[in-house]
1. Looking at the structure I just gave you, is T294 in contact with an Asp or Glu (Cβ under 8 Å, 6 or more places away or on another chain), in the same structural domain as N242 (by the TED database) and β-branched (V, I, T)?
2. Could you tell me how many of the residues in the stretch 246-277 are within 26 Å of the chain's Cα centre (by Cα) and not hydroxyl-bearing (S, T, Y)?
3. If T373 meets every condition in (1) open to solvent by less than 30 Å² (accessible area, probe 1.4 Å); (2) touching a Pro at 6+ places or on another chain (Cβ under 9 Å) apart from one, which number is that one?
4. Is the stretch 486-506 home to any residue that is crowded, with 22+ Cβ neighbours inside 10 Å, touching a His at 6+ places or on another chain (Cβ under 6 Å) and assigned to a strand (DSSP E or B)?
5. Report, by residue number, each residue of the stretch 60-83 that is open to solvent by less than 10 Å² (accessible area, probe 1.4 Å) and either free of Cβ contacts under 8 Å to residues at least 24 places away in the same chain or closer than 21 Å to V31 by Cα (or both).
6. Looking at (1) crowded, with 20+ Cβ neighbours inside 10 Å; (2) closer than 27 Å to T317 by Cα, which is the one condition that is false for A152?
7. Please give the number of the condition R210 fails out of (1) more than 22 Å from D155 (Cβ to Cβ); (2) open to solvent by 10 Å² or more (accessible area, probe 1.4 Å); (3) in a strand (DSSP E or B).
8. Do we have S212 as closer than 23 Å to V464 by Cα, out of contact with any Asp or Glu (no Cβ under 6 Å at 6 or more places or on another chain) and not assigned by the TED database to the domain that holds V249 here?
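The values are calculated or read from the model by the stated rules, or taken from the named source; none is laboratory data. Everything quoted here is computed from the prediction, not taken from an experiment. In this analysis, Cβ positions are derived from the backbone assuming ideal geometry, glycine residues included, and neighbour counts consider all displayed protein chains. With ligands, DNA and RNA removed, areas are computed over all heavy atoms of the protein, side chains included. Shrake-Rupley method; radii C 1.70, N 1.55, O 1.52, S 1.80 Å.
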Amino acid sequence: MKLHLIIGVLAVLAVSLVNAEDPYLYYTWTVTYGTRSILGAPQQVILINNQFPGPKLDVVTNNNIILNLINKLDQPFLLTWNGVKQRKNSWQDGVLGTNCPIPPNSNYTYKFQAKDQIGSYTYFPSTLMHRAAGGFGALNIYHRSVIPIPYANPDGDFTLLIGDWYKTSHKALQQTLDSGKSLPFPHGVLINGQTKTTFTGEQGKTYMFRISNVGLSTSLNFRIQGHSMKLVEVEGSHVIQNLYDSLDVHVGQSVTVLVTLNQPPKDYYIVASTRFTRTVLTATAVLHYSNSQTAVSGPLPAAPAYKYHWSMQQARTYRWNLTSNAARPNPQGSFHYGKITPTKTIVLANSASYINGKLRYAVNGVSYVNADTPLKLADYFNIPGVFSMNAVQGVPSGVATSVMPTNLHDFLEVVFQNNENAMQSWHLDGYDFWVVGFGSGQWSPKKRRTYNLVDALTRHTTQVYPNSWTAILVSLDNQGMWNMRSASWERQYLGQQFYLRVWNPVRSLANEYDIPSNVLLCGKVVGRHP
């Protein structure tokens, strides 16, 4: 009898522990316009719950997020969760290929799980040019208490959203793009939506800094006066913990560093400045020692003197910590990605061209246009004519709603070929991928000899340097319709994107969740029943 009792108590404890680690978190967010003086003059911005940037989402691995988003703007609106894999759940990805936008004075409740991930992530509006007005914020996923991390718990945790910024309204910027012109140079750089802010810590203690580039187009260099930064995590990967004086963070990317306050007690500059731009824009914040009596002073710490080659060399020093776990208990290195033969190789060449007299950006000559019906819903309801399945893989030129067909459990080699003089930044929803190679000039199969097939880190956004290539490997283990896009929002808006259809003909809850009961319907699926 006692044994039964003990087993029963243990079973109850096990269930309660699981529930404690996988709770449901409920949020209600209201999106409105508001006025803020960002760069010295009042301008209209997008607020979430009256906050700019939006509220910080702090969750734990495997938490379930139930978030009711109320749209009080005068335009349809969506948020996407940048870097959250949405396992089996592209229904909640929050981009126009998967979701109908939330109409004005309406709402939609997102339901998703931060499944098997840790790290520093962000969210932002995926509709129109709303990202240029705000609506972005931090999404930090902390490790479960039963899973160790490869460093001591920091004494504090700071989130820094850095990015370029325009004084111009998002509607005026959109009109510029719609008229066939490129955006002008940004007006400034912000840290957490401000030009001046302070982070306070105690001398001798170690703090985590979560740094994300939430800007529209510009790579930024981040540094802290008099302090080195220990890189510990990049977009969900625990990395070899090298020390850096400064870090290049490209559009859409996130890095996490530990900084020990081991200098004399005074105030120090925190700097984010534009990289690879003729005019350098700079934002500063202050690292304040709590026992400091000395205001910040001296010249700003210098940015790297060298450009693309230096930055590419730095990127090559980011390595997977093979013996460390990430969100799961098994070591990252237990998945030997370099020993898997790719199912197929896809070379994606970006280009800028004029179509009907207007600037467009393209992938393999095809410039993407949004359909009035989300591709995921058209696919689910078997509605033909909404998207083209072979446009990107062929050799046409023009515009199309392009989808690349792939199969669940394919293993892809993808090469981003940048033949332009501008920096590129590429993102894939629903996944992280191994960034195995960078190189200048044209990619060719013999470049595979330079790949890192042992300890390349995984991330969701990779940079591609001018007139260069970047190679990634990705295991397609997440069924759905997934956006592959330029993280530079002008390029995304004007067509540098497409969708990966990761497909299995057998419908199974083991591979993909059912269509949500609260799905919004628009375009050709209006009136359909899920």
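1. Answer is yes for this residue.
2. Within the stretch 246-277, residues that are within 26 Å of the chain's Cα centre (by Cα) and not hydroxyl-bearing (S, T, Y) number 16.
3. (2)
4. no
5. Listed by number, the residues that qualify are I65, L67, L69, N71, L73, F77, L78, L79, T80, W81, N82.
6. Unmet condition: (1).
7. (1)
8. no
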